[in-house]
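Report on the following structure.
The values are calculated or read from the model by the stated rules, or taken from the named source; none is laboratory data. Values in this document were obtained by computation on a predicted structure and should not be read as measured data. Quick reminder, even Gly has a Cβ in these numbers, built from the backbone with ideal geometry, and neighbours come from all protein chains shown. For accessibility, only protein heavy atoms count, side chains too; no ligands or nucleic acids. Shrake-Rupley method; radii C 1.70, N 1.55, O 1.52, S 1.80 Å.
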Amino acid sequence: MSKYELKVTSKGSQKHEKLKTALLPYWRERPPTTYSVTFESFGKMMELVNNGYYESLPFTVDGFNWTFKIYPNGNSDTTRGLIYLYVKIDDSSITDPPLDVYAEIKFFVYNYGISEYYTYQEVEPVKFDSVEQEWGRWIDVFVAQRNKSEVFSYDENISNPVFTWSLPNFSTLTLDSYTSDPFSSGDRNWVLKVYPNGDGVGKDNSLSLYLLSESNEKNYVRATLRVLNQIGSDNVEKPVEGWPNAAENGWGYQEFIPLADLQDATKGFVVDDLLEVEVEIMAISKQTPIN
């Protein structure tokens, strides 16, 4: 059993037993008062997340920052087929200075058939600290405030899907990395980032190329990155698909194209000391806040 899995023990006094019974799952019509997530297609979210998790936009409760995590297909090999829901406190909220935060939590799942919420309340306040930062399912952290929520959607009809970026004087570029001007695609703002002499394992042997969300949104992306061939049609292109990976600097490759190919004038990737890179965005997910 996961240390975050909900369970109610059977020990305690008769009074405590009555309290536990009152706090077991029940149904109610009133919605949660803190935060909720709606999926336009839960099946599409499951497909995109696969065996990972979906994490909501940040929200604030009583001065602390939280996110909502949803594992649509369990959180381990032994829990496949089960849906796990968690509330997670932002580490920076409780580490400076170190704090123990106790929160009363309710979990909600809406049933469209009967127009009510399946509701589960923890028996005791849940402790969050620098070690235990997660707990739970559909949540309501009890601080009075107006309801906020978000809608998750997936768009394959992308406006302005292609962006091309030219880097002149390529052989004399001296910085570790260069970032393009922001561009809009699919109603989101993006940038391309190039490491002329490589990043990570590509250092000094490859050009590294990445697509980044300008506002650091954590959405699912399917796209193609290219280094354009300027004397023919033999572009170097590689697909990217998935959720952003901070270790990989967004979506992209540390070893996108060998530096030797860029330095070889007959290859056609650098002409008149000009390099051209491109991205084509085919599909993105969206997290739309609703206040």
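Per-structure values
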{"item": "Which numbered condition THR9 fails, given (1) in a loop (DSSP other than H, G, I, E, B); (2) at pLDDT 85 or above; (3) of a type in the set (S, T, N, Q)", "result": "(2)"}
{"item": "Matching residues, segment 89-110, being part of a loop (DSSP other than H, G, I, E, B) and either hydroxyl-bearing (Ser, Thr, Tyr) or at pLDDT 80 or above (or both)", "result": "ASP90, ILE94, LEU99, ASP100, GLU104"}
{"item": "So TYR86, is it crowded, with 17+ Cβ neighbours inside 10 Å and modelled with pLDDT of 85 or more", "result": "yes"}
{"item": "Selection from segment 30-78 of residues that are more than 26 Å from ALA283 (Cβ to Cβ), in contact (Cβ under 8 Å) with a residue 24 or more places away in the chain, among the hydroxyl-bearing types (Ser, Thr, Tyr) and open to solvent by 20 Å² or more (accessible area, probe 1.4 Å)", "result": "THR33, SER76"}
{"item": "Residue count, segment 137-177 (criterion: modelled with pLDDT under 90, of a type in the set (A, V, I, L, M), within 23 Å of the chain's Cα centre (by Cα) and in a loop (DSSP other than H, G, I, E, B))", "result": "0"}
{"item": "Residues that are of a type in the set (Gly, Ala, Ser) and more than 24 Å from the chain's Cα centre (by Cα), drawn from segment 268-291", "result": "GLY268"}
{"item": "Among the candidates GLY52, GLY113, residue that is modelled with pLDDT of 80 or more and not in a strand (DSSP E or B)", "result": "GLY52"}
{"item": "Test: residue in segment 254-267 that is among the hydroxyl-bearing types (Ser, Thr, Tyr) and more than 19 Å from the chain's Cα centre (by Cα)", "result": "yes"}
{"item": "Among residues of segment 178-194, those that are crowded, with 17+ Cβ neighbours inside 10 Å, without any contact (Cβ under 8 Å) to a residue 24 or more places away in the chain and part of a strand (DSSP E or B), counted", "result": "2"}
{"item": "Strands (runs of 3 or more DSSP E) wholly inside segment 204-291 containing at least 2 residues that are of a type in the set (Ser, Thr, Tyr)", "result": "206-213, 274-290"}
